[in-house]
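The values are calculated or read from the model by the stated rules, or taken from the named source; none is laboratory data. Predicted, not measured: the structure shown is a model, and the values here were computed from it. Here the Cβ positions follow ideal geometry from the backbone for every residue, glycine too, while neighbour counts run over all protein chains shown.
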Amino acid sequence: MSIALVILAAGKGTRMQSDLPKVLHKLAGAPLLAHAMQSGAALDPEHTVIVAGHGADAVTAAAQDHHPEARVVLQTEQLGTAHAVAQARTALEGFSGDVIVLYGDTPFISEDTLLKMLDARARADVVVLGFEANDPGRYGRLVTDGASLTRIVEFKDASEAERAITLCNSGVVCADADTLFDLIDAVGNDNASGEYYLTDIVAIARERGLNATAVTCDEGETLGINSRPELAAAEAAFQTRRRAELIEDGVVMQAPDTVILAFDTVIGNGAEVEPYVVFAPGVTVESGARIRAFSHLEGAHVSQGAIVGPYARLRPGTELDDNVRVGNFVEVKNAHLHEGAKANHLSYIGDAEVGAAANIGAGTITCNYDGVMKHRTTIGARAFIGSNTMLVAPVAVGTEALTGSGSVITQDVPDGALAIARAQQQTKPGLARKLVEMLKAKKAKQKKEAS
Ligand code: UD1
Ligand code: MG
């Protein structure tokens, strides 16, 4: 059965106290919207339609950045959730599978839960995702009759008896496309909010002799973000869950609470992550690698046996092959360090290719930027770059070549050659003592004149 996702993301999110549309606030390094899209992506949807309103241009850019095929439709006025879903109708013209409606501000719905909903579609025309709420608050309530769902009543419209129901509506709904849009056509706005409620489709379906049912999930999955404190709580929940999963899978962490993960961080079993490490998006660490304390990684691939840090920074485009060493206060960007290469101390390696087993001395800098353009540095296998070498790119240092400490290398160095590019040392016997005596005498004279 083919699936279409409709993700509601038109709301303003007033309580976020921000100009940024609510669904673009980040959780674990990705916009909330991307998390919702990710939940649905597990079903391999044929269509993904985002309903945008507030900040639609930014929402469109983020949606397409995450999933280039996503379609964005506009809801210019937020007249309610049914009205929002109706905006997706044209985009889904001719589609005849099941539609799953998700909210862009609800990041934790799991793949298993969505699969359970699809299973339930075999028994019911409309499937709604519910949850047993600890504090049902202002959620819509699910009115059931045995296994079937009779209707959903919004808090504002509910009677005392209905408000006592603890089975609540998550907002996630699944129905076949034609049925869904037919039902939505019949939704009115004669209710306490004057809105077109998507939840009304359940009662309308029942009136038409169709059946509806509820599938339940853990309340944690249905957590929606409406405010900064809720976003912070969701971030904490994400981090706790993801750390626990990684540890379960065999990643070693001494102080997991201090390790910050991104939505897409991949760490192989047996890899070790020391305290206070931050993973921004796009990082893969292979089994057996070690990320030492206080390192920051983004857009980087770290292979087996490599050791990074302490205090290292890996920026996007970093590729570290097996057994590479990147030590303290070393920054690497858009660079490939081949097997066994070492940059152990205080270096900047940017836009570079570093050959296998090459050794980069302390303080080495690839001078990759001339103020206008970026240039590449190439270092051959087993080359030895002396401490404090400035490699002024574009420049190439050959296989097994060597640069003298403190050199400013502006020309290519052939394989096996030694390049020294620094001023000649001059040594003047006895001159140090003589100089000190001169200076002392000068100081004494000044003191005498001042008194
Ligand atoms: C909705 C449900 C309620 C459920 C709750 C779960 C309805 C009528 N009510 O209520 O039963 O318990 O979610 O959180 O569906 N949106 C649009 N366009 C609109 C209106 C909303 O895109 O015109 C989007 C919002 O941005 C949000 C989502 O739909 O992502 C839900 O809207 P919201 O206003 O939060 O609905 P609730 O009142 O919370
Ligand atoms: Mg809400």
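When residue 65 is evaluated against the numbered criteria (1) more than 21 Å from the chain's Cα centre (by Cα); (2) more than 15 Å from ligand 2 (Cβ to nearest atom); (3) of a type in the set (Asp, Glu), which criterion, by number, is the only one it fails?
Result: residue 65 fails condition (1) only.
So, of the residues in segment 222-274 that are among the hydroxyl-bearing types (Ser, Thr, Tyr) and assigned to a helix (DSSP H, G or I), which turns out to be farthest from residue 140 (Cα to Cα)?
258
Specify the residue that is surrounded by the most Cβ atoms within 10 Å (Cβ to Cβ); the eligible residues are those in segment 305-354 that are of a type in the set (Asp, Glu) and outside any strand (DSSP E or B). Before you say what the answer is, go through the steps one by one.
Start the filter on segment 305-354 by keeping residues that are of a type in the set (Asp, Glu), which leaves 319, 321-322, 331, 339, 351, 353.
So of that shortlist, the ones also outside any strand (DSSP E or B) come out as 321-322, 339.
On the way: 321: 19, 322: 16, 339: 16.
The residue in question is 321.
Do you know which residues across segment 63-91 are in a helix (DSSP H, G or I), crowded, with 21+ Cβ neighbours inside 10 Å and either without any contact (Cβ under 8 Å) to a residue 12 or more places away in the chain or not small (Gly, Ala, Ser) (or both)? Let's see the steps before the verdict.
Quick first cut of segment 63-91, residues in a helix (DSSP H, G or I) only: 63-66, 81-86, 90-91.
Cutting the leftovers down to crowded, with 21+ Cβ neighbours inside 10 Å gives us 63, 81-82, 84-86.
Passing the criteria: 81, 85.
Given the criterion modelled with pLDDT of 95 or more and under 24 Å from residue 171 (Cβ atoms), identify the matching residue among 272, 286, 221.
Going through 272, 286, 221 in turn, just one is modelled with pLDDT of 95 or more and under 24 Å from residue 171 (Cβ atoms): 221.
Please tell me if residue 123 is more than 16 Å from ligand 2 (Cβ to nearest atom), more than 21 Å from residue 205 (Cα to Cα) and of a type in the set (Lys, Arg).
So residue 123 fails the test.
Would you please name the residue that is nearest to ligand 1 (Cβ to nearest atom), looking only at residues in segment 136-165 that are under 34 Å from the mean Cα position of the chain (by Cα) and free of Cβ contacts under 8 Å to residues at least 40 places away in the same chain?
Selected residue: 139.
Kindly provide the set of residues from segment 322-338 that are under 25 Å from the mean Cα position of the chain (by Cα) and over 17 Å from residue 290 (Cβ atoms), ordered by number.
Once the filter is applied, which keeps residues that are under 25 Å from the mean Cα position of the chain (by Cα) and over 17 Å from residue 290 (Cβ atoms), segment 322-338 yields 329, 331, 333, 334, 335, 336.
What's the number of the only condition in (1) farther than 30 Å from residue 228 by Cβ; (2) touching a helix residue (DSSP H, G or I) at 6+ places or on another chain (Cβ under 9 Å); (3) surrounded by 17 or more Cβ atoms within 10 Å (Cβ to Cβ); (4) of a type in the set (D, E, K, R) that residue 121 fails to meet?
The failed condition is (2).
Do we find a residue being in a helix (DSSP H, G or I), surrounded by 16 or more Cβ atoms within 10 Å (Cβ to Cβ) and either on the phi > 0 side of the Ramachandran plot or away from ligand 2 (no atom under 16 Å from the Cβ) (or both) anywhere in segment 13-26? Walk me through it before giving the result.
Going residue by residue through segment 13-26, those that are in a helix (DSSP H, G or I) are 14-16, 22-24.
Filter once more, keeping what is surrounded by 16 or more Cβ atoms within 10 Å (Cβ to Cβ): 16, 22-24.
Adding the requirement that they be either on the phi > 0 side of the Ramachandran plot or away from ligand 2 (no atom under 16 Å from the Cβ) (or both) leaves 24.
Yes, because at least one residue in segment 13-26 is in a helix (DSSP H, G or I), surrounded by 16 or more Cβ atoms within 10 Å (Cβ to Cβ) and either on the phi > 0 side of the Ramachandran plot or away from ligand 2 (no atom under 16 Å from the Cβ) (or both).
Residues that are farther than 30 Å from residue 235 by Cα and not acidic (Asp, Glu): which strands (runs of 3 or more DSSP E) entirely in segment 105-219 hold 2 or more of them? If you could, list the steps in order and put the result at the bottom.
Details: elements: 126-132, 141-145, 148-153, 167-176, 212-216.
Counting at least 2 such residues, we get 141-145, 148-153, 212-216.
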